[in-house]
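Rule-based calculations on the coordinates, nothing more; no lab input. Only a predicted model underlies this, so the values are computations on that prediction, with no experimental measurement involved. No Cβ is skipped: glycine too gets one built from the backbone with ideal geometry, and neighbour counts run over all protein chains shown.
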């Protein structure tokens, strides 16, 4: 009979879908594949800088969709298509709808809005591969968005972070309870004032948000809020994306002139560094030529007092093209971006782009499409970690 170490070493080389099946062989194998050492080893071997796919979640259109990105060559049985039907629902109350709000290391954080809208939603942390879930009871006073923080190489326990009334609340899977991590007395210096969107990135033990013209970072273990230094950029440079891939923090930005021509800068900050470096300059001028309809004009609404003044702004030209995710490889860098009705992929090595997801118009016979944005996008890599 093989020792536990030999069995763990063999099972850790299996694709995750097969490793999940091996858990059902016997109690001994289930216990071995549930240990944190095995989970860390399996995670590091099965998870590189690439992602298996991504969730597109749009609460406005009442649906979510999973799109596979990478598939095992010649073995369709190893392709994992997440199914969230195991999360309980009450159709009379929530109509069975579920939205993926975020992802981190194979875990998803999802919500079921209760009908009528405005009532408290039900929140879940789940693993689509193991079909395990935990319902998170959210106390009153917490905003409608939760952020998942999980580093399986350091701990088997995850954290959920949320904003309150000038407070930062944190839920721990270890205690299964909430507490106030940071109380901010000085509301005039509230660090999240001007939060651009409710989308965070988990990187190097911290959650990162875009706030106005800079980044704010919440150190989960230290429970501190700090600013992330911005890169040296020309006047008018705009940060349109922040994300993590391959253990690095990536940023995408441009000036108005660059964006109109389809030129984007991909910058990167490495772990332990405070300096940004240009990873790649993406040239999407061929996309603009092929899809001239993405060049549009809109009226800028100036902010006056406490309201937007419609009709007074100048007309500005823009491209309906938005970066969604950077896949950091050792040699190649892939950038996923959206144009109306499509999600496309650009390879820095081949300098080619291709469509990886396309949608039909919202209404037949119209030119109105679903639009995708980087904060509707949740990358997914399967893992065996249980919530």
Original post:
How do 176-185, 316-325, 248-257, 190-199 rank on mean C-beta neighbours within 10 Å, highest first?
Top reply: 248-257, 316-325, 190-199, 176-185
Subject >> Rough spin-label spacing in nm, given labels placed 7 Å along Cα→Cβ, for residue 182 and residue 119 >> reply: 3.4
Subject >> By average C-beta atoms within 10 angstrom, highest first, the peptides 156-163, 88-95, 258-265 >> reply: 156-163, 258-265, 88-95
Original post:
Going by average Cβ neighbours within 10 Å, how do the peptides 146-154, 214-222, 288-296, 102-110 rank, with the highest at the top?
Top reply: 102-110, 146-154, 214-222, 288-296
Subject >> Per-pair calculated FRET efficiency, R0 = 45 Å: residue 132 and residue 233 via Cβ, rounded to 0.05 >> reply: 0.55
Original post:
Ranking 144, 169 by Cβ neighbours within 10 Å, fewest first, what do you get?
Top reply: 144, 169
Original post:
Taking the Cα-to-Cβ direction at residue 354 and at residue 260 and moving 7 Å from each Cα, how far apart do the two end points lie in nm?
Top reply: 3.4
Original post:
Once fully extended, how much extra length lies between residue 189 and residue 165, figured as 0.36 nm per residue of separation less the alpha-carbon to alpha-carbon distance?
Top reply: 7.3 nm
Subject >> Where labels lie 7 Å past Cα in the beta-carbon direction, separation of residue 347 and residue 86 in nm >> reply: 3.5
